[in-house]
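The next block holds one structure in the form of structure tokens; read it before the comments.
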Number of protein chains: 2
Amino acid sequence: MIIRDATTVDWRVIWPFLHQIVVAGDTFTYDLGLGNAEAEALWMVRAPGRVVVAEAHGGEVVGTANMYANRAGPGAHIASASYMVDPVHQGRGVGRALVSDSLRWARAQGFQGMQFNAVAQTNSSAVRLYESLGFTIVGTVPGGFRHPVDGDVGLHVMFYPL
Amino acid sequence: MIIRDATTVDWRVIWPFLHQIVVAGDTFTYDLGLGNAEAEALWMVRAPGRVVVAEAHGGEVVGTANMYANRAGPGAHIASASYMVDPVHQGRGVGRALVSDSLRWARAQGFQGMQFNAVAQTNSSAVRLYESLGFTIVGTVPGGFRHPVDGDVGLHVMFYPL
């Protein structure tokens, strides 16, 4: 697997699995009715942010990440990022590779930490992955995530110092 | 003091003190070089969000607040808000009136809680005010706020259940 900068052409292969993940409504705090163009504007962040794709051997795009300053001004020294792995390819280390790559990028860019603002408590595979890479749960907003099956569950803020 | 919905005309009196607060760089994670038009687009949120001003007796605008859903989709049941009080009029209960009004609004709109994503630890008057109204510090991102004098200080996530 390689991770490379995404191009505008990649959006065509990102959108189907990103859309599937958004519509499921169990991980991202995105509008479930998000359209293609709106999602592209949201996901394909511009420089100084960065968008990457993970490519399997053979060139198939199996996941994507974006990364950027979490806030402006006096908060701009902390990065944030989001990850989407095609559900067909989950459980094979794609997410781990994407997170590790984004941490390398953030460190190289001079960020002092990586913050995730909204990790659903029920997304236990993501929480476990982030914790295994050294992130800690800074706090949990009670009932901050409305899960389609589990109801209102906690929404974690997670942090990794760089 | 009364609190009323802001109109586009109010921006002309909001901008000078909002600009002063942003440039000071000790409370908001906004770009310190934020221009007038950019700030207006950022602050004057549209419906279903809401912008208000606090008016002293005589009609002088002494503060402003905006309020909105903190996130989309499965996070859209939690509100957020920001407050700016003209430094000349601070310490007279304007902030308290604005926060109380935004909590009433959020409750009336059916939100399940109010979350502040980024409260600088050093902004102790704001932290004390929010705590006195029932907010709790859910967590603190270590060094998440680059204070112009104190250096990197914690950035609180605060929450009030509705």
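Per the Debye calculation on the stretch A:1-100 with a single equal scatterer at every Cα and no solvent contribution, log₁₀ I(q)/I(0) for q = 0.10, 0.19, 0.24 Å⁻¹ amounts to -0.26, -0.95, -1.40. Between copies, the label points at A:Met1 (set 7 angstrom from Cα along Cα-to-Cβ) are spaced 5.3 nm, reported in nanometres from shortest to longest. In chain B, the beta-carbon sitting nearest the axis that superposes B on A belongs to the residue given here with its distance in angstrom, B:Gly139, 1.
For the pair the stretch B:1-39 / the stretch A:26-86, the C-alpha centres are spaced 30 Å from each other.
Relative contact order for the stretch A:23-162: 20 percent, from Cα pairs under 8 Å spaced at least 6 residues apart, divided by residue count. Under the rule of -39500 (n - 2.57) per DSSP H run of 4 or more residues, summed and divided by the residues of chain B, what mean residue ellipticity at 222 nm is obtained, to the nearest 500 deg cm²/dmol? One gets -8500 deg cm²/dmol as the mean residue ellipticity at 222 nm.
Label-point spacing for A:Gly134 across the identical copies (point 7 Å from Cα in the Cβ direction), in nm and ascending order: 4.1. Computed over the protein assembly as shown, the Cα gyration tensor eigenvalues convert (square root of 5λ each) into semi-axes of 36, 20, 19 Å, ordered from largest to smallest.
Between copies, the label points at B:Gln109 (set 7 angstrom from Cα along Cα-to-Cβ) are spaced 2.9 nm, reported in nanometres from shortest to longest. Report the percentage of all Cα-Cα pairs in the stretch B:60-156 whose separation exceeds 18 Å, rounded to a whole percent. So the pairs more than 18 Å apart make up 51 percent of the total in the stretch B:60-156.
Where a number appears in this text, it was derived from the coordinates with a stated rule and is not lab data. Just so it is clear, the model here is predicted, and its values are computed rather than measured. Cβ coordinates were reconstructed from backbone atoms using ideal geometry, including for glycine residues, and neighbour counts include every protein chain displayed.
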